[in-house]
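The block underneath contains the structure these notes are about, expressed in structure tokens.
Every number here is computed from the coordinates shown, using simple stated rules; none is lab data. Because the structure is a prediction, the values reported are computed rather than measured. We place every Cβ from the backbone using ideal geometry, glycine too, and count neighbours over all the protein chains shown.
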Amino acid sequence: MISFAKRVLEYTQGLDQAGFESNTMIFDATVRNLELIGEAATHIPETVRQMHPEIPWRQLVATRNRLIHGYLGIDNDTLWSIIRDDVPMLVTLLKVLQGNQ
């Protein structure tokens, strides 16, 4: 999960939202890695999820489902907010979790 999240940050580094939206290759690669984060979250054992409620497991899976299946869609403003606000925090939380294992 950490590697997928780091890719999201790497792909979007130095871009603003307009630059992100206009580069279809970066957009698609970023969305794919967000999907992979959510897919990986589905494989985390429930015991680990319960021990680390600070990580938004359900939200990660829900975002994955919305991206893959197009449930209600995710508008670009929300997507950009996830990239800028949520992914950096997720990397930090996952590194802490990884260090505790």
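Worth a mention:
- Options (i) 39, 34, 27; (ii) 41, 29, 17; (iii) 41, 32, 20 - which one matches Cα extents along the principal axes in Å as calculated here: (ii)
- Toward the positive end of the charge dipole of the chain, with +1 on the Cβ of Lys and Arg and -1 on the Cβ of Asp and Glu, the farthest Cα among Leu34, Leu94, Phe20 is that of Leu94.
- Here the chain is assigned +1 on the Cβ of each Lys and Arg and -1 on the Cβ of each Asp and Glu. Its dipole about the Cα centre then comes out at about 320 debye.
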